[in-house]
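A.B. asks: The structure under discussion is supplied below as structure tokens; questions concerning it will follow.
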Amino acid sequence: MALSLAFGGGVLPSGSTFAQESQVLFQAEGLSKHEVVQAYLQSQLTGVQAKSLGTGSQFKIISEYTDSATNTYHVRTIEQYKGIPIYGTGQTVALNSNNDVFASFGKVTQNLGRSLIPTEASISEEEAIDIVKQGVEAEIGEVKGYDGIESELMIFQNRLAYVITASTSIPAPGYFHYFIDATTGDVIEEFNALHEAELPDVEPVPVKGLNVFGKMQNFIAVKDATTNKTYMHTPHISGGTTTNPNIVGVSTYDARRMGETPFILLSALFGFTGFEVETGNSFFADPAAVSAHTNSMKINDYFQKIHKRNSLDDKGMRLISTVHIGSKWNNAAWNGKQMLYGDGDGIILGSLAGGLDVAGHEMTHGVIENTTDLIYQDESGAINESLADIFGAYGEMYATGTVDWDMGEDIYTPNIPGDGGLRSLSDPTSVRLSTTYLPSGHYPDHYDDRYLGTLDRGGVHINSSINNKAAYLITDGGTHYGVTVQGIGRTKAEKIFYRALTLYLTPSSGFKDMREAAIQASRDLYKDRNGQPSPETAAVIAAYDAVGVPAE
Ligand code: TI1
Ligand code: ZN
Ligand code: CA
């Protein structure tokens, strides 16, 4: 057929298979589109011609597409040997409106006619699939049900072979590719495509970036050797040292302002985390991402060093954060799987990822969920919120080495410096609160002043202040409503609250349970003497008396 062609215009120099659309690689008049494609591809064969293969053409069109926008026609082909497709081969050919070939990609196989390949299988498809199953199960263990198995007879490395793909989820996710010689039953080649896709060739690299407050942060990220891009994933390091205690993996993503509600749902339901944060060099240019990433490491250090806790679940789970959630979202959250940070509206709040105590607050929700799992409503919800604030404050003080009892002061009203935070643990009443909640117009610091309405899930962010004040009094001491508390310092106070949280509180615990749990935790650590509570336990009792939470 190739020889009978009438060549119209000039053919471009050999070796080049691409031309501007105005240029032409190949012309053949009076032929259909398919015939032009066949003629063009056959013209690329220099050796033993396709017709010596006997049946059919060497090229089989497997898909075609007409692009009406550019008035062009495109096909995709695969090569075949006596009608049997050849694995891994393929070309694309593009025709212009005159049916001239103006572009083509993909090498053609020369001298196929010289090969002598069997075309009749001597082992059956069932036998080949059994060989695959044996191979897969030797690798990952018994598979009770395959998600799918597909088989096709192809030419692979000049052999007739069954190309079989097998998908598995349990006991391990896999997308196995097997090439079984159809004459001998040998496994010619085999790989797990899923495995390879999941484990790109990455190496840890030192990187840096400015955080939300313009402070340079140095950390470790991973570089993909094939793309040369570096991503915000800090690898899990086995057996950390004192100088580098971050043995927990950390990953940070960008939601690109996707709405908070869909994001929270997609994330909680399907594990959607957002988009990769990447750089082509060793500098990360997204301050929110840099802050979220490094803040979660700092808070993790706190839980690890002070409370011997191995990440939020105490099993070393990866710390995942996503920044730029929603448009000007004035909040941050924990959704059961990861931390979420809004950018703030720039007036009430700046980028929430900047707040170390915000990170501490959200991460503590992760700790709570993995321990007491306090119900996020009414009194138990207020205790949940309060512990998030308390450990947020302790974690920040640990990381900065300074004393600070405000919540979110670094991100609150970014245009008014020095005006405190969203809440205060040392003096909750110093922060204004809408009179929709309480007639006083400020946060409560006594149980009698608690909010009893239904807004904010029963005032979880409001009544939390009562327990916050108790934590402050236990730590730093003071006289409150006539009750004097001798402070015991952060080192002792944080151990008491951590012990109460992890060992004593239950999902429905309220203020009185919190009081009893803290007293019990203190008694465990600082024993009564001669029937008298230790100074530490006395401080806990006095603090809860001071904020009006009565003994049972
Ligand atoms: S856990 C989260 C509630 C999220 C609900 C929405 C899905 C929360 O409590 N967020 C903190 C954020 C924060 C923490 C800000 C420390 C400043 C310092 C919070 O206090 N949110 C307030 C604004 C709220 O939700 O009422
Ligand atoms: Zn919270
Ligand atoms: Ca603070």
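The values are calculated or read from the model by the stated rules, or taken from the named source; none is laboratory data. Quantities reported herein were computed from a predicted structural model and do not represent experimental measurements. With ideal geometry, Cβ positions are generated from the backbone for all residues, glycine too; neighbour counts draw on all protein chains shown. SASA here: full protein model, heavy atoms, side chains in, ligands and nucleic acids out. Shrake-Rupley method; radii C 1.70, N 1.55, O 1.52, S 1.80 Å.
A.B. asks: Below 11 angstrom from the Cβ of Lys512, what's the summed charge of the other residues (Lys, Arg +1; Asp, Glu -1)?
C.D. replies: It works out to a net charge of -3.
A.B. asks: Additional query: What value in Å³ per residue do you get for the convex hull of the alpha-carbon atoms in segment 340-487?
C.D. replies: 120 Å³
A.B. asks: Also, I was wondering about something else. What FRET efficiency, computed as 1/(1 + (r/R0)^6) with R0 = 41 Å and r the Cβ-Cβ distance, is obtained for Ile188 and Gln23, rounded to the nearest 0.05?
C.D. replies: 0.50
A.B. asks: Return the sequence-ordered ³J(HN,Hα) values of segment 503-512 in whole Hz as given by the Karplus equation 6.51 cos²θ - 1.76 cosθ + 1.60 applied to θ = phi - 60°, using x for Gly and Pro.
C.D. replies: Computed from phi, the couplings for segment 503-512 are 10, 10, 5, 10, x, 9, 4, x, 4, 5 Hz.
A.B. asks: Quick check: residue separation of Asp201 and Ser167 times 0.36 nm, minus the Cα distance between them. What number comes out in nm?
C.D. replies: In short, 10.0 nm is gained.
A.B. asks: Provide Rg over Rh for segment 125-172; use the alpha carbon set for both Rg and the Kirkwood Rh (inverse mean inverse pair distance).
C.D. replies: 1.01
A.B. asks: Could I ask something else about it? Output needed for segment 17-168: three equivalent-ellipsoid semi-axes, defined as square roots of 5 times the C-alpha gyration tensor eigenvalues, in descending order, whole Å.
C.D. replies: Over the Cα atoms of segment 17-168, the semi-axes work out to 37, 20, 11 Å.
A.B. asks: For segment 472-540, what's the radius of gyration and Dmax over Cα atoms, in angstrom?
C.D. replies: 11.9, 34
A.B. asks: Relative to 2.2 N^0.38 Å, what does the C-alpha radius of gyration of segment 312-382 come to as a ratio? Two decimals please.
C.D. replies: My calculation over the Cα atoms of segment 312-382 gives 1.16.
A.B. asks: What Rg and what Dmax come out for segment 426-519 when only alpha-carbon atoms are used, in angstroms?
C.D. replies: 13.9, 38
A.B. asks: Right, something else. In whole Hz, what ³J(HN,Hα) sequence does segment 70-87 give by Karplus (6.51, -1.76, 1.60; θ = phi - 60°), x for Gly and Pro?
C.D. replies: 9, 6, 10, 10, 10, 10, 10, 10, 10, 8, 9, 10, 6, x, 9, x, 9, 4
A.B. asks: Please report, as a whole percent, how much of the solvent-accessible surface of the chain comes from carbon and sulfur atoms (probe radius 1.4 Å).
C.D. replies: 51 percent
A.B. asks: Please compute one quarter of the surface area of the Cα convex hull for segment 204-361 and express it in square nanometres.
C.D. replies: Computed as one quarter of the Cα hull surface, the answer is 9.2 nm².
A.B. asks: Calculate, for segment 281-400, the solvent-accessible area per residue in square angstrom, rolling a 1.4 angstrom probe over the heavy atoms of the protein chains.
C.D. replies: Computed with neighbouring chains in place, this is 29 Å² per residue.
A.B. asks: Which pairs break 30 Å Cα to Cα here: Lys229/Lys298; Lys60/Lys223; Lys308/Lys469?
C.D. replies: From the list (Lys229/Lys298; Lys60/Lys223; Lys308/Lys469), the Cα-Cα distance tops 30 Å for Lys60/Lys223.
A.B. asks: Long-range amide H contacts for Gly355: which residues qualify at under 5 Å (H placed 1.01 Å from N, peptide plane, sequence gap of 5 or more or a different chain)?
C.D. replies: Under 5 Å from the amide H of Gly355 lies no amide H from a residue far enough along the sequence or on another chain.
A.B. asks: Report the Stokes-Einstein translational diffusion coefficient (µm² s⁻¹, integer) for the chain, Rh taken as the Kirkwood radius over Cα pairs, at 20 °C with viscosity 1.002 mPa s.
C.D. replies: 75 µm²/s
A.B. asks: Just name one of Met339, Thr72, Thr475: the one whose Cα is farthest towards the positive end of the charge dipole of the chain (beta-carbon charges, Lys/Arg +1, Asp/Glu -1).
C.D. replies: The residue sitting farthest along the positive end of the dipole is Thr475.
A.B. asks: Put a dot 7 Å past each Cα toward the Cβ at Glu64 and Asp404; how far apart are the dots in nm?
C.D. replies: For the pair Asp404/Glu64, the computed spacing is 6.8 nm.
A.B. asks: Summing -39500 (n - 2.57) over the DSSP H runs of n ≥ 4 in the chain and dividing by its residue number, what mean residue ellipticity at 222 nm do you reach, to the nearest 500 deg cm²/dmol?
C.D. replies: The helix contribution divided over the chain gives -9500 deg cm²/dmol.
A.B. asks: Continuing with the same structure: Might you report the magnitude of the Cβ-based charge dipole of segment 386-426 about its Cα centre, with Lys and Arg at +1 and Asp and Glu at -1, to the nearest 20 debye?
C.D. replies: About 80 debye.
A.B. asks: Viscosity 0.890 mPa s, temperature 25 °C: Stokes-Einstein D of segment 350-394 from its Kirkwood Cα radius, in µm² per second?
C.D. replies: Translational diffusion coefficient: 234 µm²/s.
A.B. asks: Note down the relative contact order for segment 350-396 as a percent, whole number, built from C-alpha pairs under 8 angstrom at least six residues apart.
C.D. replies: It comes to 51 percent, rounded to a whole number.
A.B. asks: Next question, about the same structure. Roughly what % of DSSP beta bridges within the chain run antiparallel, to the nearest 5?
C.D. replies: 85 percent
A.B. asks: Same structure, new question: For segment 149-158, take each phi angle, set θ = phi - 60°, evaluate the Karplus expression 6.51 cos²θ - 1.76 cosθ + 1.60, and give the result in whole Hz per residue in order, putting x for glycine and proline.
C.D. replies: So the Karplus estimates, Gly and Pro as x, are 10, 10, 9, 9, 7, 9, 8, 9, 6, 6 Hz.
A.B. asks: When the Kirkwood hydrodynamic radius is evaluated over all pairs of different C-alpha atoms of segment 503-546, what value in angstrom, to one decimal, is obtained?
C.D. replies: Value: 10.7 Å, from the Cα pair sum.
A.B. asks: Please list log₁₀ I(q)/I(0) at q = 0.12 Å⁻¹ for segment 89-234, using the Debye equation with identical point scatterers on the alpha-carbon positions.
C.D. replies: Summing over Cα pairs of segment 89-234 leads to -0.78.
A.B. asks: A further question on this structure: Give the calculated FRET efficiency between Asp345 and Ala551 to the nearest 0.05, with a Förster radius of 25 Å applied to their Cβ-Cβ distance.
C.D. replies: 0.05
A.B. asks: In addition: How high is the relative contact order of the chain, given as a whole-number percent (alpha carbon pairs under 8 Å, six or more residues apart)?
C.D. replies: Reported as a whole number, the value is 7 percent.
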